[in-house]
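S.K.: Quick one: structure below, then a few questions.
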Amino acid sequence: MQKVYLQKLDIFYAERMSQLISEPAVREPLGLTENETSVASMMDFIREMQLEEMMGNHVARMIMNEDFELIGVITLHNIDEEMQTSHMSTWIGEPYWGKGYTRLAKEKMFYHAFMERHLRTVFAGARVENFRSRKAQRKLPYMRCNVERIYPEELLRLERREQAYCILNAVERTDFLNWYYQRVAI
């Protein structure tokens, strides 16, 4: 049975993180260069995320599988406490694709976002050309797809950050918690 554990980022895992994200099938849809996925860049990323988390702006976690191997990273970023919103980003190393790890990691992070951070909406976007991410998001029963017209300012922020055309989806607190508690009751 697949399981995931979310652990705080640790510099010890920078080399493995670099190996996983450097694979072209992972790196290219994220719009990253080879230099941006180097061990040194992963160390910088980890330090930056640790600082951002101390300031309350981000929550970044390593996704560990049932064998406690690093398989990816999930992040709540651009947390806006006043608006009660955030964006979520996720990537999984190619050897772990198609095994349900992304869905499990998102469930845990959404629970954290809504129950511990008390957010109202978590946005999940993707570059238009990132078909795997778009497909994975559409599979989630609590995901509201194509909310660009409802949240045009969020789409604009996402596209500026990504420097690419994007789609925008969102998970609302009530939708996720209704799904979560129905699932737990079964």
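S.K.: Roll a 1.4 Å probe over the protein heavy atoms and report the accessible area of Val128 in Å², nearest 10.
M.R.: Answer for Val128: close to 60 Å² accessible.
S.K.: Just the number, please: carbon plus sulfur as a percent of the accessible area of the range 109-186, 1.4 Å probe, no ligands or DNA/RNA counted.
M.R.: Carbon with sulfur: 52 percent of the solvent-accessible area.
S.K.: Let me ask you something else. The chain: longest stretch without exposed chymotrypsin sites (Phe, Trp or Tyr not before Pro) (DSSP loop, at most 11 other Cβ within 10 Å), sites themselves excluded?
M.R.: 69-164
S.K.: For the range 1-160, what is the relative contact order in percent, using Cα pairs closer than 8 Å and at least 6 residues apart in sequence?
M.R.: 21 percent
S.K.: OK, next. Please give, to one decimal in nm, the separation of the simple spin-label points placed at Arg117 and Glu82, each 7 Å out from Cα toward the Cβ.
M.R.: Between Arg117 and Glu82, the label points sit 1.8 nm apart.
S.K.: Which helices, counted as full DSSP H runs in the chain, have an axial Cα extent of no less than 20 Å and a Kyte-Doolittle average of 0.0 or above?
M.R.: 39-54
S.K.: Between Asp10 and Ala25, with labels modelled 7 Å along Cα→Cβ, what's the label distance in nm to one decimal, could you check?
M.R.: 2.7 nm
S.K.: Given R₀ = 25 Å, what would the calculated FRET efficiency be for Ser38 paired with Glu94, taking r from the Cβ atoms and rounding to 0.05?
M.R.: The value I calculate is 0.90.
S.K.: State the percentage of accessible surface on the range 1-108 attributable to carbon and sulfur atoms; use a 1.4 Å probe and exclude ligands, DNA and RNA.
M.R.: 51 percent
S.K.: Here are several values of log10 I(q)/I(0) by the Debye sum over Cα atoms at q = 0.08, 0.09, 0.14, 0.16 Å⁻¹: [x] -0.24, -0.30, -0.77, -1.04; [y] -0.32, -0.40, -0.85, -1.04; [z] -0.27, -0.34, -0.83, -1.07. Which one was derived from the coordinates shown?
M.R.: Step by step, log10 I(q)/I(0) by the Debye sum over Cα atoms at q = 0.08, 0.09, 0.14, 0.16 Å⁻¹ for this structure corresponds to label [x].
S.K.: Please give the per residue accessible area of the range 13-131, computed with a probe of 1.4 Å over protein heavy atoms only, in Å².
M.R.: With the other protein chains kept in place, the range 13-131 gives 46 Å² per residue.
The values are calculated or read from the model by the stated rules, or taken from the named source; none is laboratory data. None of the values given here were measured: they were computed from a predicted structure. So basically every Cβ, Gly included, is an ideal-geometry build from the backbone, and we count neighbours across all protein chains shown. Heads up: the accessible areas ignore ligands, DNA and RNA and are worked out on the full protein's heavy atoms, side chains in. Shrake-Rupley method; radii C 1.70, N 1.55, O 1.52, S 1.80 Å.
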